[in-house]
Amino acid sequence: MTFIIGCSNAENLCRKAARLANVKLARSETKIFPDGDLYVRVDGNLEGEKVLLVQSGYPNQNSALMELFLALDAVKDMDPKRVSVMLAYMPYSKQDRRFKGGEAVSAGTVLKLIKGLGADRFYAINLHFAGGRADFHFFNVGVRNLNAAPLVADYVGSKYGDFTAVLPGKGSNYLLTDNVIPLETRRQEYRASGGRYFGGSGILGKDIDVGGKTVLVLDDIVSTGGTMAKACDMMRRKGAKRVISACIHGLFVDGAVKKLENAGADEIISTDTIESGFSKVSVAPLIAGVVKKI
Ligand code: R5P
């Protein structure tokens, strides 16, 4: 039999995916002890079964990852036939290399831990550093990466009809291929400020014509909303009839939503790799597709 297990940030998503794929849903129970330690218990007999264990790395990326590691170890102890792990949103995916000596390559660390705990396969959805690659190796870990952008495009197309897509993110120019205008983004170095890190991005103005059109501005991640807000504002100034702000992974930190509204976004859309009030598109069909193949 095949089982899908959702850690706490992916419970709803897995319920939907299990229903779509018609596979069993096993429960993972998580508690936090008063001192902050996590308790995880996976319910069910998984001996000899195929398992897809899913987590999303936001919110609370550090405890979300720890919960995933504990659940994976617990599942492995039950001697399943095969365990695949999916991070619907992978945190730490922007630190995929050593920019300065001594830095941790955090994305590599996360994947090494998942492999080290015995995952047979690793899946992700719009993994930031993959840049559109679907099947590749990173630190000797095989990665299968799915693209949820066509689901977003279907949603926008069925609601608004024809549209032009504008892709402002540095690593998002692969998201869609039809009717697309990629924008060039210049990212400044991340700077430390009062113990926090922030980065700035500049979108290079181009002689693009979106006058009177419905424009879908689509990025893989909206974090602080700076990149998306600049692109939406640019589309407004260039005379777009309607500006839709959409992303796969909506973190919406640091007043991002306000920035998007102020930039003239008519609608804000995200998928449910990270659940929020803007999760209007579900990636459950992608997960259902995976679980049928594991
Ligand atoms: C950058 O490489 C990504 O594709 C996004 O453009 C970026 O993560 C967005 O960040 P923010 O919302 O903070 O501008």
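The values are calculated or read from the model by the stated rules, or taken from the named source; none is laboratory data. Note that the structure is a prediction, hence the values are computed from the model and not measured. A quick note on method: Cβ atoms are made from the backbone with ideal geometry, for glycine too, and the neighbour counts reach across all protein chains shown. These accessible areas exclude ligands, DNA and RNA; they are computed on the full protein's heavy atoms, side chains included. Shrake-Rupley method; radii C 1.70, N 1.55, O 1.52, S 1.80 Å.
Tabulated values for the structure
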read-out	value
Mean separation of Cα contacts under 8 Å, 6 or more apart, over the residue count of the chain: relative contact order %	15 percent
Helix-derived mean residue ellipticity, 222 nm - over the chain, DSSP H n ≥ 4, -39500 (n - 2.57), to 500	-8000 deg cm²/dmol
Percent accessible area from carbon and sulfur atoms, the chain, protein chains only, probe 1.4 Å	46 percent
Qualifying lysines (Cα of each under 28 Å from Cα of Lys241; at least 8 residues distant if same chain)	Lys159, Lys170, Lys206, Lys213, Lys230, Lys258, Lys259, Lys280
Length gained when the stretch Val253-Arg15 is fully extended (0.36 nm per residue, less Cα-Cα span)	83.0 nm
Computed lengthening from Leu38 to Arg237, 0.36 nm per intervening residue step minus Cα-Cα distance	66.7 nm
The chain, accessible area per residue, ligands and nucleic acids excluded (1.4 Å, Å²)	47 Å²
Cα shape, the chain, gyration tensor, a/c 1.5 rule	prolate
For Met86, distant residues with modelled amide H under 5 Å away	Leu53, Val54, Gln55, Tyr123
Anchor Lys112: lysines whose Cα lies under 17 Å away (excluding residues fewer than 8 positions away in-chain)	Lys76, Lys94
Assigned charges on the beta-carbon of Lys, Arg, Asp, Glu; the chain dipole about Cα centre (debye)	500 debye
Relative packing of peptides 24-36, 216-228, 107-119 - highest average C-beta neighbours within 10 Å first	216-228, 107-119, 24-36
